[in-house]
Amino acid sequence: MENISAGSEPITIWMTEKNNWKEDVRKNSSLKSLEFHPNWDNQAYTDAVMGAHGYKVAGHYTNLVNRNHRIMGMAHMTDNNYGYADVYNASSKNNKGSLTLGQYKSLVNKWLNR
């Protein structure tokens, strides 16, 4: 799930989708066990994540709390003369593109202090 905060504040979006997920679970209690362990073969789960067939969108939230995810991409989009910049993408296929929390903090602090 990408583009969560285009023009908005991401934490607010995540918390809204968390509340959406809770409402979806109230609608269909079988979803409860899938909150942290997705099952894309379950049509109700797919509908809740995507906000289809009467469910509310919860995909960014469920993506964030998925216990199987180990790598996440991020971007800071700034408009400049050449378009948009400052993007970081990582792959979950191997650790070559990943950063430790310490490495990430160091890069953020370096960027903030430039």
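The values are calculated or read from the model by the stated rules, or taken from the named source; none is laboratory data. None of these values were measured; they are calculated from a predicted model. Glycine also receives a Cβ, built like all others from the backbone with ideal geometry; neighbour counts cover every protein chain displayed.
Here are the numbers for the structure shown:
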read-out: Residue ID - farthest from the chain's Cα centre (by Cα), chosen from residues in region 1-34 that are modelled with pLDDT under 95 and of a type in the set (Asp, Glu); value: 9
read-out: Region 5-62: number of residues that are exposed (fewer than 13 other Cβ atoms within 10 Å of the Cβ) and among the hydroxyl-bearing types (Ser, Thr, Tyr); value: 5
read-out: Count of residues meeting criterion [within 23 Å of residue 9 (Cα to Cα), not in a loop (DSSP other than H, G, I, E, B) and not hydrophobic (A, V, I, L, M, F, W, C)] in region 19-63; value: 10
read-out: Of all residues making up region 47-66, the number that are among the hydroxyl-bearing types (Ser, Thr, Tyr) and modelled with pLDDT under 95; value: 2
